[in-house]
Structures are given as structure tokens and as C-alpha cells.
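Take a look at the structure below.
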Amino acid sequence: MRFNYTKRDVQATEIAPVAASCFDMDAYADYEAKLLKRTGDFATASEGVAVYRRFRAVEVFGDGCRDMRRSLELQLGCLQSSMHFEADVPNFLEPWYGIGTIASAYGATYTWFPEQAPVVQHCFESVADALAHEPVPIAQTAIGRHTLQMVDFFLNETCGKLPVCFADAQSPLNASMMIVNSNSLLMDVIFNPEGVQQLLERLANLSVDFVNEQKKRIGSCLVNPGHGFASARNFTGYGQSDDNMLMLSNEQYRACVLPSFEQAGKALGGPVFHSCGNWSSHLPAVCAIDGLRCVDGAFSPETDPDPNPCEPFAEAFAHSGTVVNARIVGGLDVIEKQVRALWRPGMKLVVVTYCPTPDEQREAYHLIHEICQ
């Protein structure tokens with residue numbers, strides 16, 4: 001099988017929206033509470049496997065994020081469906097509102113194209129120009145205010161009973177390329193690395209402040225590490241999407257980017273790393289992240305057009321204490337092949353599945369646990 005370019009989101013499930021007034025909050029709270037024993041045991045163990053049947057509605061991470069009620073109802077539909085699928089990690093709500101969060105502090109605003117997630121255009125042509133600009137706190141921007149309103153709306157509509165993560169803010173590096181012309185920024189990594197480091201440090205501080213504001217509001221409903229990761233109330237860490245690191249060498253990443261990634265991660269419970277695509281060649285740089293708690297990657301051709309090979313991850317993370325969050329779109333044969341290649345004694349592995357039916361998910365669940373005994 002190959003990656004299906006005709007789909008808006010290959011990791012999405014077709015979902016019927018459910019109004020908050022029609023959703024059984026107590027039933028889901030009871031369901032989540034039962035799974036927290038499993039997530040707690042996984043979190044404290046030195047090795048093991050957990051299965052997460054991820055549910056996401058295609059509109060939630062597209063233009064549907066513009067309507068917070070519509071986003072919530074679609075996500076409640078996801079939660080309702082998820083209870084019929086055998087798993088160790090429960091699904092959660094996410095007040096996602098595009099990826100321009102940090103960039104908004106530098107004046108970026110959203111452009112909306114039909115059926116697409118919002119985008120931002122860079123504000124500055126050089127790192128020097130960005131450093132000469134005084135950013136405003138994210139919470140004071142239009143994007144930040146809307147996100148906080150979305151957090152409050154989700155919590156109020158669900159009576160503070162359901163698990164909620166903070167909104168995805170991206171890593172300082174990813175955000176920097178929404179603020180500065182990416183060609184110029186990449187040249188500055190070579191010719192002005194100190195300036196790039198200074199900018200990324202500022203972006204890390206902005207991100208930490210905004211996430212802390214969300215955490216205060218979410219309170220005991222908070223799950224970690226957040227967007228794109230199997231998350232639970234008794235998991236720790238701060239997930240950051242750092243996809244643009246693929247345009248740097250390992251040496252450039254460690255010298256110029258890694259300090260800001262660590263800075264944000266350590267302030268929020270520990271660094272957690274995600275990149276799309278095949279980032280196996282950058283394992284040396286990622287493994288150098290101090291206090292690294294979890295990494296995320298795609299591990300089948302149906303998940304990503306350039307998926308990761310399994311063996312380098314098994315070798316890098318066995319006996320490390322770092323969780324590997326492995327997204328695997330595909331049937332039972334694909335799941336079995338990839339899990340056998342990923343699993344080693346001493347691994348902490350989360351297998352993220354997208355099985356279309358409860359029966360197939362149940363079979364996958366038991367197969368994964370059998371392989372990883």
C-alpha cells in the first residue's frame with residue numbers, strides 16, 4: 001500500500017458530530033477513569049506497550065477549527081466512537097486553532113482558503129528584522145484570544161469532566177519560519193547562528209507563557225504531552241512539532257536549535273518531539289535532547305509518503321526510557337510487520353492504530369500485546 005494523496009487526512013475517521021447536550025459526559029469520564037490505571041502503569045514501567053486507537057475528524061484540523069462549536073461536536077463524536085474500540089489510552093479534546101499561534105505575537109494573522117487549515121505569511125525578511133521587533137504576549141493577539149475562548153468554551157460545554165490538552169503551538173523553529181522568510185532564516189543558521197538562537201529563545205518564552213495560561217484554565221482536565229501524541233492525565237511532557245529540523249544538519253540542529261526546544265520542553269514537564277516524514281537520519285540530534293520523554297513518528301507508507309524505518313528507532317530507544325509514539329495506518333498485516341520490527345526488550349512503545357472496525361481493532365490490540373510481551 002502507498003500513501004493516498006487523494007484524501008484530505010489519511011489519519012482521519014469519518015465522524016458524526018454530537019452536541020454536548022447529547023453526549024454522556026459521565027459515561028466517558030468512567031471510561032477514561034478505567035483506562036487511567038493502564039496509562040499509569042505504562043508511565044511508571046521501564047518497558048512495555050500501550051495501544052492508542054486515535055480518532056480525529058478531518059474538519060477539526062482543517063477549516064472546521066474556525067467554528068469552535070462545530071470542532072467540539074466533531075471531537076465529541078470522536079470520543080463517543082472511541083469507546084467501542086479496545087485501547088489502553090483514551091482520546092481527548094483539543095482546542096486546535098491552526099499553527100500560527102506563536103507567529104501571532106509578531107503580527108501574523110490567518111488567511112483562510114476553502115476547506116483548508118488557516119495559514120500565515122511571514123512578517124519579516126531577516127532574523128535581524130524580527131529581533132528588532134517587540135512581540136506582544138500571545139494571549140493578547142486575536143489568535144491567542146480566540147484559542148483561550150475555545151479552551152473556556154470546551155471546558156464549560158463539557159462541565160469540566162472530559163480530558164483536554166492545550167492548543168498546539170509548534171516548536172520555536174517551526175514558528176520561526178512563519179515569522180521570518182525561511183530562505184533567509186536558513187542562511188542565518190550559517191552566517192548568524194547567534195541571532196537565530198536569540199530569536200528561538202524569545203519564541204520559546206512566548207510559547208511557555210501561553211501554554212501556562214492554558215494550563216491554568218484547563219486545570220485537572222489537562223492531558224499531556226498534547227497534540228498528535230497519545231496523551232493522558234498521568235502522562236508528562238510537552239509535545240512540540242519540529243518538522244523543519246529536516247532542513248538542518250544534525251550539527252546545526254544541536255548547536256542552534258536544540259537549546260530552545262529543551263528550554264520550552266523543560267519548562268512544561270519535559271521535551272517531547274514530533275516530526276513528519278522520515279527523520280531517522282536526525283536521530284543523533286534528537287537523542288541529544290536532554291530529558292527527552294517521547295518521540296513521535298510515522299511508521300507505514302499509508303501514514304506518511306516517506307515513513308520512518310523501524311530498526312533505527314528500536315536500536316536508539318530500547319532501554320532509554322524514551323517513549324516511541326508510533327503511528328501506523330494500515331491493516332493487521334501492516335501493523336504486525338511494523339510492530340515486530342519496532343519492538344525490542346527495554347522499549348516503551350505506544351502503537352497508534354486506525355482500524356476501521358471494533359472487531360479489527362480488538363484483534364490488533366491483542367496481537368500488539370502478544371508481540372510485545
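The values are calculated or read from the model by the stated rules, or taken from the named source; none is laboratory data. Predicted model, so just to flag it, every value in this text is computed and none were measured. A quick note on method: Cβ atoms are made from the backbone with ideal geometry, for glycine too, and the neighbour counts reach across all protein chains shown.
Residue check: A27 meets all listed conditions (1) farther than 23 Å from G237 by Cα; (2) in a loop (DSSP other than H, G, I, E, B); (3) hydrophobic (A, V, I, L, M, F, W, C) but one, namely (2). Scanning the stretch 1-49 for residues that are more than 21 Å from the chain's Cα centre (by Cα) and among the polar types (S, T, N, Q) gives N4, T6, S21, T44, S46. Scanning the stretch 150-182 for residues that are assigned to a helix (DSSP H, G or I), under 22 Å from the mean Cα position of the chain (by Cα) and either surrounded by fewer than 18 Cβ atoms within 10 Å (Cβ to Cβ) or not small (G, A, S) (or both) gives M150, V151, D152, F153, F154, L155, P172, L173, N174, M177, M178, I179.
Of all residues in the stretch 245-277, those being more than 21 Å from A230 (Cβ to Cβ), of a type in the set (S, T, Y) and part of a loop (DSSP other than H, G, I, E, B) number 1. If the condition is being in a helix (DSSP H, G or I), of a type in the set (D, E) and over 19 Å from L162 (Cα atoms), then the stretch 45-94 contributes E59, D63. Could you tell me whether the stretch 222-245 includes any residue that is at pLDDT 95 or above, out of contact with any Cys (no Cβ under 7 Å at 6 or more places or on another chain), among the aromatic types (F, W, Y) and under 22 Å from V49 (Cβ atoms)? Yes, the conditions are met somewhere in the stretch 222-245. Taking the residues in the stretch 183-223 that are under 24 Å from E32 (Cβ atoms) and more than 18 Å from the chain's Cα centre (by Cα) as candidates, determine which candidate is surrounded by the fewest Cβ atoms within 10 Å (Cβ to Cβ). Restricting to residues being under 24 Å from E32 (Cβ atoms) and more than 18 Å from the chain's Cα centre (by Cα), the top hit is S220.
Mind listing whichever residues of the stretch 1-28 are farther than 30 Å from K337 by Cβ, hydrophobic (A, V, I, L, M, F, W, C) and surrounded by fewer than 16 Cβ atoms within 10 Å (Cβ to Cβ)? Within the stretch 1-28, A16, A19, C22, A27 qualify. Of the residues making up the stretch 30-63, those that are closer than 12 Å to N234 by Cα, without any contact (Cβ under 8 Å) to a residue 40 or more places away in the chain and not hydroxyl-bearing (S, T, Y) are A33, K37, D41.
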